[in-house]
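> One structure, as structure tokens, below. Some questions next.
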Amino acid sequence: MSRTVRMAGYVAGCVLASWLVTACGPLAETHHNPGNSHEVATAAPSGQADAVITVARGQVSPPPGWLEVAKGRQVSITVTSDVADELHVHGYDIEAELRPGVPATVRFTAGLTGVFEVETHRSKLVLTQLAVR
């Protein structure tokens, strides 16, 4: 076997091993924190998506799940937290300040398709995942 073929096989093996380690690695820490289950709460994909979420003592209520909406529809997410934090809708780069006990609402048109995590920045809690189809 030529040295070039052996080297190509070695490189391919390294790439595969790297992919397996990454793919089988631990989930993000937010998936291990209390209040971050994978229960599903959905809205009709063709209608407006509304979510009302509360964060208290590090717990997310209702438990994080899925908020589904059709592309082009309106999304409204209201979060009330017991501590100061920041709400962030990934992919859309929408942020809102969370003040203790004061509801904060973000409203936007779901113009991008995909799955987008909605989280708090400081406490790193997953609030929901927005699925736009």
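Each value in this text was obtained by applying a stated rule to the coordinates, not by laboratory testing. Because the structure is a prediction, the values reported are computed rather than measured. Backbone-built Cβ (ideal geometry, glycine too); neighbour counts: all protein chains shown.
> Read phi for every residue in region 63-70 and hand back ³J(HN,Hα) as whole Hz from Karplus 6.51 cos²θ - 1.76 cosθ + 1.60, θ = phi - 60°, with x for Gly and Pro.
Once θ is set to phi - 60°, the couplings for region 63-70 become x, x, x, 10, 10, 9, 8, 7 Hz.
> Further question on the same structure: Gain in length, Phe108 to Asp50, computed as 0.36 nm per residue apart minus the alpha-carbon separation, to one decimal in nm?
Values: separation 58, 0.36 × 58 = 20.88 nm, distance 1.09 nm.
Gain in length upon complete extension: 19.8 nm.
> According to a simple spin-label model (label point 7 Å from Cα along Cα-to-Cβ), what is the distance in nm between Val115 and Arg57?
Label at Arg57, label at Val115, 3.1 nm between them.
> Beta carbons within 10 angstrom, averaged per residue: use that to sort the peptides 93-104, 122-133, 52-63, highest first.
Numbers: 93-104: 13.2, 122-133: 19.3, 52-63: 16.0.
Descending packing order for the listed peptides: 122-133, 52-63, 93-104.
> What list of ³J(HN,Hα) values in whole Hz, one per residue of region 76-84 in order, does the Karplus curve 6.51 cos²θ - 1.76 cosθ + 1.60 (θ = phi - 60°) give from phi, with Gly and Pro shown as x?
9, 10, 10, 10, 10, 10, 8, 9, 5
> How far is it, in nm, from the label point at Arg99 to the one at Ser76 when both lie 7 Å from their Cα along the line to the Cβ?
Calculated label separation equals 2.1 nm.
> Enter the Cα centre distance for the pair region 83-127 and region 54-82, rounded to the nearest angstrom.
Region 83-127 and region 54-82 have Cα centres spaced 8 Å from each other.
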